[in-house]
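Student: Could you have a look at this structure, given as structure tokens, before my questions?
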Amino acid sequence: MSPAPAKPVDRQLPSDEARELLSLTRDLVQRELKPRAAEDEAAGRFPREVFRTLGEAGLLSLPYEERYGGGEQPYEVYLQVLEELAAGWLAVGLGVSVHTLSCYGLAAFGTDEQRRRWLPGMLGGEQLGAYCLSEPQSGSDAAALRTRAEADGDEYVVNGTKAWITHGGRADFYSTMVRTGEDGARGISCLLVPADSAGLSAAQPEHKMGMNSSPTAQVHFDGVRVARDRRIGEEGQGFQIALSALDSGRLGIAACAIGVAQAALDLAVDYAGTRQQFGRPIADFQGLSFMMADMATRIEAGRALYLSAARRRDAGLPFSKEAAMAKLFCTDAAMRVTTDAVQVLGGYGYTQDYPAERYMREAKVLQIVEGTNQIQRLVIGRHLSR
């Protein structure tokens, strides 16, 4: 059972164009995402055609330059679009965030020729990207990755396995971190690998507790030949590219987390306003009204935190610490808010008749992806001790 349409979030947006984008996004969410999210999640169906629809609407390329097919929107706007998408269906919101992350290396570190050659296709809406950093034995310790690319004339030959890859087996290109030199961070480079490369394959998707419509799989590289001109940046610059991309990607996760939390709050408020006990709506009881007040406060605080970090990014200021803070706070808030939403609905919250249980299962992964929240605390602590 779906909740009644929620009142739109009151947003402070920088332009009329931004307001139109948010209006377009909300309309697409109501028409294309919400009606099918629960059924497709239960069936584990990947909504590839939804991403094409978003691409046609210009929502897959918002933070990138217009000359390459992007929307040239500030991160402040892009993230709020992500939040709206995630509130409708996290698999889609997170998918857009991952696609944006997979385009980042080329957009920020590629040569002019590389950007002209490949970026318009990546941003045009038909292609969907994946970001390959983690491996079975190197998650948080990403600098220990083992996938190796050996130079062979004008090509690299890539062998290894990447793990936990969103869109693994469904992506059209893979932004891949590989080892081209010594052990450690300095020996890592970045390659833009086409999905149809010979020797590239994906394992069966992981069986997850949530996000079933978003395929997560290992990606295998067995003698994959990649042209040297598909290396992004210099040899040995890959780890720098990866960390820079993750700073921006963590803001995407923060926005998605607030989207899921907002959807859970809207559901809880709607249910509490209509569910009658002891002759009055349960929203009138202090125990529940205070709980929902705390839920709303966490959401507003998280939204303010990720937008503050986004505005630093838009202004060209350092934002790595702020991105880690936003990812940490927003995803922890989403876990708490969705758990409380299940409690507000009582027994119904524990059933699949309402999406509260799905929101709770989805929120958990956001505390893990793109750097666990323990890693975020490590990043913040290092900034504080400098």
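The values are calculated or read from the model by the stated rules, or taken from the named source; none is laboratory data. Because the structure is predicted, anything quoted here is derived from the model rather than measured. Every residue, glycine as well, gets a Cβ built from its backbone with ideal geometry; the counts of neighbours run over all protein chains shown. The area values use the complete protein model at the heavy-atom level, side chains included, leaving out ligands, DNA and RNA. Shrake-Rupley method; radii C 1.70, N 1.55, O 1.52, S 1.80 Å.
Student: Search the range 8-51 for residues being within 24 Å of P205 (Cα to Cα) and not in a helix (DSSP H, G or I), and hand back the single one that is least open to solvent (accessible area, probe 1.4 Å).
Tutor: Taking the range 8-51 first, the residues within 24 Å of P205 (Cα to Cα) are 33-34, 36-51.
Filter once more, so that each one left must be not in a helix (DSSP H, G or I): 44-47.
Working: G44: 40, R45: 104, F46: 28, P47: 1 Å².
Filtering the range 8-51 for residues that are within 24 Å of P205 (Cα to Cα) and not in a helix (DSSP H, G or I), the one least open to solvent (accessible area, probe 1.4 Å) comes out as P47.
Let's see how each residue does on (1) among the acidic types (D, E); (2) over 28 Å from R36 (Cβ atoms); (3) at pLDDT below 95; (4) not in a helix (DSSP H, G or I):
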site: D294; (1), (2), (3), (4): yes, yes, no, no
site: R298; (1), (2), (3), (4): no, yes, no, no
site: G302; (1), (2), (3), (4): no, no, no, no
site: L317; (1), (2), (3), (4): no, yes, no, yes
site: R361; (1), (2), (3), (4): no, no, no, no
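Student: Right, next: Is it true that L243 is open to solvent by 10 Å² or more (accessible area, probe 1.4 Å), over 30 Å from S289 (Cα atoms) and assigned to a helix (DSSP H, G or I)?
Tutor: Details: open to solvent by 10 Å² or more (accessible area, probe 1.4 Å): yes; over 30 Å from S289 (Cα atoms): yes; assigned to a helix (DSSP H, G or I): yes.
It is true that L243 is open to solvent by 10 Å² or more (accessible area, probe 1.4 Å), over 30 Å from S289 (Cα atoms) and assigned to a helix (DSSP H, G or I).
Student: Could you pull out the residue among A324, A341, A356, A310 that is under 26 Å from Q12 (Cα atoms), open to solvent by less than 50 Å² (accessible area, probe 1.4 Å), touching a Gly at 6+ places or on another chain (Cβ under 8 Å) and small (G, A, S)? Spell out how you get there, then give the answer.
Tutor: Values: A341 fails: under 26 Å from Q12 (Cα atoms); A356 fails: under 26 Å from Q12 (Cα atoms); A310 fails: touching a Gly at 6+ places or on another chain (Cβ under 8 Å).
Sole residue among the options that is under 26 Å from Q12 (Cα atoms), open to solvent by less than 50 Å² (accessible area, probe 1.4 Å), touching a Gly at 6+ places or on another chain (Cβ under 8 Å) and small (G, A, S): A324.
Student: Any residue in the range 67-81 that is aliphatic (A, V, I, L, M) sitting within a Cβ distance under 8 Å of a residue that is open to solvent by less than 10 Å² (accessible area, probe 1.4 Å) and not in a helix (DSSP H, G or I)? List the pairs, counting only those 6 or more apart or interchain.
Tutor: V77/L62; V81/L59; V81/L62
Student: Within the range 22-61, track down each residue that is touching a residue at least 60 places away in the same chain (Cβ under 8 Å) and among the basic types (K, R).
Tutor: R45, R48, R52
Student: F290 fails exactly one of the following numbered conditions: (1) open to solvent by less than 40 Å² (accessible area, probe 1.4 Å); (2) among the aromatic types (F, W, Y); (3) more than 24 Å from the chain's Cα centre (by Cα). What is the number of that condition?
Tutor: (1)
Student: Within the range 115-134, how many residues turn out to be within 23 Å of A185 (Cβ to Cβ) and surrounded by fewer than 22 Cβ atoms within 10 Å (Cβ to Cβ)?
Tutor: 1
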